[in-house]
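Shown next, in C-alpha cells, is the structure this report addresses.
What follows draws every value from the coordinates through simple rules; no lab data is involved. Bear in mind that the values here come from a model prediction, so they are computed numbers and not experimental data. Here the Cβ is made from the backbone with ideal geometry for all residues, glycine too, and neighbour counts use every protein chain on show.
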Amino acid sequence: MVFSSHLFMFYFLPTALLLYYLAPHRAKHLFLCVLSYGFYGWANPLFMVLLLTSTVVDYFCGLVITHDGFRNWSTHIAQPLEQNGFRSRYQKWAVAVSVITNLSLLGFFKYFNFATENYDAIVNALGLPGLQLDLAFRITLPLGISFYTFQSMSYTIDIYRGHARALRNIIDFACYVSMFPQLVAGPIIRFSEIENQLRQRTHSLTKFARGVAFVSLGLTKKILLANPCGKIADVAFDAGSIGAFDAWYGVVAYAFQIYFDFSAYSDMAIGLGLMMGFVFPKNFDSPYISQSITEFWRRWHISLSSWLRDYLYIPLGGNKLGTGRTYVNLAVVMLLGGLWHGAAWNFIIWGGIHGVLLAFERMQGKDSLYRRLPRVIRIAFTFFIVLITWVFFRANDLPAAMQYLGSMFGYNSFQDGAPLLGGIIYQPYYVGTFLVAAVIAWGAPQTWDWSRRIGYGKALIIAFLFLLSVTVLATQAYNPFIYFIF
C-alpha cells in the first residue's frame, strides 16, 4: 500500500485516524501497532514475521542492557546508563546480539541474490564452472527492511550509550518500530529522538492542521512533479540510444523525480506523525542549492546521513585518528551507504564517488579554489557532480550507466529513430512540469518552513493542491514510489 493511492487516502487513513482517536489513552499505541502491521503486511503478510523478529529481539536486548543481565530485572523504572560508564559482559553481549540480528536480516534478504550472482561470475571467470551455485530461487526483498532494521538498532545502541531509557512495555516499543507513517521508506527515526513522545505527547488542532498541510503538499509533490519527471527519466534511460541533449534532460528529470518522490514521502510521513501527535525531524532541506558535496549530505536524506555519522563514522574513529584515517572513514561510510541503498555495483560506485569527493573537500579545507568561486557557480558545479552520480543510481546496471554517460558527453552515436523520443519527452505537459520542478527545487521554501503558520490564504492553497492532486491521481497510470526498492 502506498500513500499516493485512493485506497490509502480515502479508506486506510480515515479508518486509522478514527480508531486512533477513539481508542483510550492507554490503548492508542496498541491500535496504532495493529494498524501498522496491517499496513505493512498488505503486500505480503510474511513480511510481518521479519518485522516482529527484529522488534522482539531488540526489545529484550534493551531490557538486558538496562538491567545488566538478570541481576536488576525487578527494577520497576528503567534509568539511563552513564554515558561513559563501565559495561558488563551481559550488556556488551546484548547490544552485539541486537546489531548482529538486524544486520543478518538485512544482509540475507537484501544481499543474498547479489552475493550468489557475483560468486557464480567469479568462479566462472576463473574457469571453475563446477563450483557455481546456479540457484534457481531468489530472495524477495521485504519492503522497508533497510529502514526499520536501522531504526530498531538505534534503540539498543542508544540505551547502551546512555542516551535513552529502555521501554518496559513491549507494545510501546513495537509501535515505535512499526509506525506506518515512516515504516517502509523513512525517515529513519532514532529512538532517542522520540523517546519522550512515546511516553507522553500532546494532540492539538494546530499539530493536526500542520499535519494535513504536510500530507497535502507531499501528495502534490509526488503526483504533480515526481511522476511526470519520472516518466521523462524512464523514457530517456530505457532508450536504446539517445542524443546528448536528451540524455542531460533525462538525468535532470531523474534528479527532480528522486528528490520530489522521496521528499514527498518524507513530508507525508511527518504529516501523518503530526496528526497523531508525533513530531518527526526534518529529512530534506533544499539539497540542490548545496554549494559542495559536503553540504549536499547535510541537506539530503538527513536522517540517513546523520545515522551513518553517529552510528558508523564516529565509531570508526571519525576525524580523531589522524588525517589519513579520516579520509578512509569517509570513504568506507559512503561505500556502505551506497550498498545500503541497493545490492548492485552501481550503488557501490555511487557511494564510492561521494566518499572520494567528501574526502577531497575535507582535504582542500576552507581555502580551496572551489570555495572562492561565486555562489551560483558552486551550486551549479555541485549539481553537475550530483547528476553524474545519479546516472549510476538510476541505470539498470553498470554497462547501461557507462553507455548513458557516454551519450551525455557525445561519445555514443545514436540511431535514426532516437529523435522520435522527443515526441514523448518534449510534450508541453512534461516540459512544463520539468520547469515548475526546477523553480520549486531552487526557489521555493521547504514544506517544514512554509507550514509553520497556516492562515486562510495558505489553507485555500493547500486545499486546492490536494483536490488537484487527487483528481490527477485518478487519471495517472504511472505512480511508482521508487524508494520502496531500497
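Some points to look at:
- Note on the chain: dipole from Cβ charges, positive end direction compared against 8, 22, 480; the farthest Cα belongs to 22.
- Region 386-478: Cα Rg divided by the 2.2 N^0.38 Å rule of thumb: 1.54
- Look at the alpha carbon pairs under 8 Å that are at least 6 residues apart: their mean separation over the length of the chain gives a relative contact order of 18 percent.
- With 0.36 nm allotted per residue and the present C-alpha distance subtracted, the residue 377-residue 131 stretch has 83.2 nm of extension available.
- Cβ-Cβ FRET estimate between residue 89 and residue 26, R0 fixed at 35 Å, reported to 0.05: 0.45
- Charges were assigned to the Cβ only: +1 to each Lys and Arg, -1 to each Asp and Glu. The resulting dipole of the chain about its Cα centre is roughly 1680 debye.
- Cα pair distances exceeding 24 angstrom across region 334-462, given as percent: 55
- Translational diffusion of region 163-315, µm² s⁻¹ [Kirkwood Rh, Cα pairs; Stokes-Einstein; 25 °C; 0.890 mPa s]: 142
- When Rg and Dmax of the Cα atoms in Å is calculated for this entry, the matching label among (1) 21.7, 67; (2) 23.6, 77; (3) 23.7, 81 is (2).
- Sites residue 468 and residue 426, calculated FRET efficiency, Cβ-Cβ separation with R0 25 Å, nearest 0.05: 0.60
- This model, with +1 at the C-beta of Lys and Arg and -1 at the C-beta of Asp and Glu, gives region 6-200 a dipole about its Cα centre of some 560 debye.
- With coordinates expressed along the principal axes, the C-alpha atoms belonging to region 6-200 extend over 63, 52, 23 Å, beginning with the largest.
- Whole-angstrom gap from region 214-266 to region 274-346, using each part's C-alpha centre: 23
- For the chain, with +1 on Lys and Arg beta carbons and -1 on Asp and Glu, the positive-most of 244, 233, 52 along the dipole: 52
- Residue-averaged [θ]222 nm for the chain, counting only DSSP H segments that reach four residues, each worth -39500 (n - 2.57): -20500 deg cm²/dmol
- Using only alpha carbons, region 207-485 has a radius of gyration to Kirkwood radius ratio (Rg to Rh) of 0.98.
- A simple packing score, the average count of other Cβ atoms within 10 Å per residue, orders the peptides 252-265, 86-99 as 252-265, 86-99, with the highest score first.
- Rg/Rh ratio calculated on Cα atoms of region 221-299 (Kirkwood radius): 1.09
- Positive-end extreme of charge dipole, the chain - chosen from 428, 152, 384 (charges on Cβ): 152
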